[in-house]
1. For region 6-119, what does the alpha-carbon gyration tensor say about shape, rounded, prolate or oblate, given a ≥ b ≥ c as the root eigenvalues, a/c under 1.5 as rounded, and a/b over b/c as prolate?
2. What 222 nm value per residue comes from the helices of the chain, counting each DSSP H run with n ≥ 4 as -39,500 (n - 2.57) and dividing by all residues, nearest 500 deg cm²/dmol?
3. Mind pulling the angle between the C-alpha long axis of helix 177-190 and the longest principal axis of the chain? Nearest 10 degrees, somewhere in 0 to 90.
4. Over the chain, what percent of the accessible surface lies on carbon and sulfur atoms, probe 1.4 Å?
5. Could you report the chain's accessible area per residue, 1.4 Å probe, as an integer in Å²?
6. Here are a few candidate values for volume of the Cα convex hull per residue in Å³: [x] 121; [y] 133; [z] 155. Which one was actually calculated from the structure I just gave you?
7. Out of the GluC sites (Glu not before Pro) in region 62-111, which ones are loop residues according to DSSP with at most 12 other C-beta atoms within 10 Å?
8. Calculate how steeply helix 81-93 sits against the longest principal axis of the alpha-carbon atoms of the chain, using the helix alpha-carbon long axis, and give the answer as 0 to 90 degrees to the nearest 10.
Amino acid sequence: MGRPRKFDEGRAVEAAMRAFWADGYEATSTQELCAATGLGRSSIYNTFASKRELFLKALTHYMDNRTARLVQLMQDGEKPVRERLRTVLEWAVAPGEDDPAGCLVVNSTVELGPHDPDIAGRLERHRRQRFAVLKAAIADGMRAGEIDARKDAEALAHFVIATVSGIQVAARGGADRATLQRIADTAMLSL
């Protein structure tokens, strides 16, 4: 009978998520994961089986949390749709103080998506969820007269996703907050 675990697996996944988010999958070593999680190498491998499995848990954790936050915001009928869309853009402009620059999904799409079909499929399912939520909110905004009904809700949802991703890539590349804010402000003029 093995010894019981003496650590919080959720906290370890969160810490690993931040390490992968900051440095990417390939550049994050097992030693860096040990430092980030506070776990020894054997604990990481006994619990998660491999660096890849830990990454998949971390990526899933990130996507689940971000999607839940987006769904909650987009379904908030108390706020006008344009205000909700502005909030989505602001999340990209001014992420949490302790968050690494960029986005784990965007980073993983670029780093792993082209040559890892499993991860590409997971990322695509996540993108479709976000797209559906945004498209529905935009369509609601059109019905309410907040967004020009002659525009295409599908195209605008793609535009919001692309703009958020672009802001995150620009942030990762070192763009300052004023630049990111101008991108968000310009995007709002298109909605």
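1. In terms of gyration-tensor shape, prolate.
2. -23500 deg cm²/dmol
3. Once rounded, the angle reads 40 degrees.
4. Here it works out to 51 percent.
5. I get 54 Å² per residue for the chain.
6. Only one option fits the structure, namely [y].
7. The qualifying sites are GLU78, GLU97.
8. The angle comes out at about 40 degrees.
The values are calculated or read from the model by the stated rules, or taken from the named source; none is laboratory data. Because the structure is predicted, anything quoted here is derived from the model rather than measured. When we count neighbours, we look across all protein chains shown, and the Cβ atoms used for this are built from the backbone with ideal geometry, even at glycine. Calculation scope for accessible area: heavy atoms of the full protein, side chains included, ligands and nucleic acids excluded. Shrake-Rupley method; radii C 1.70, N 1.55, O 1.52, S 1.80 Å.
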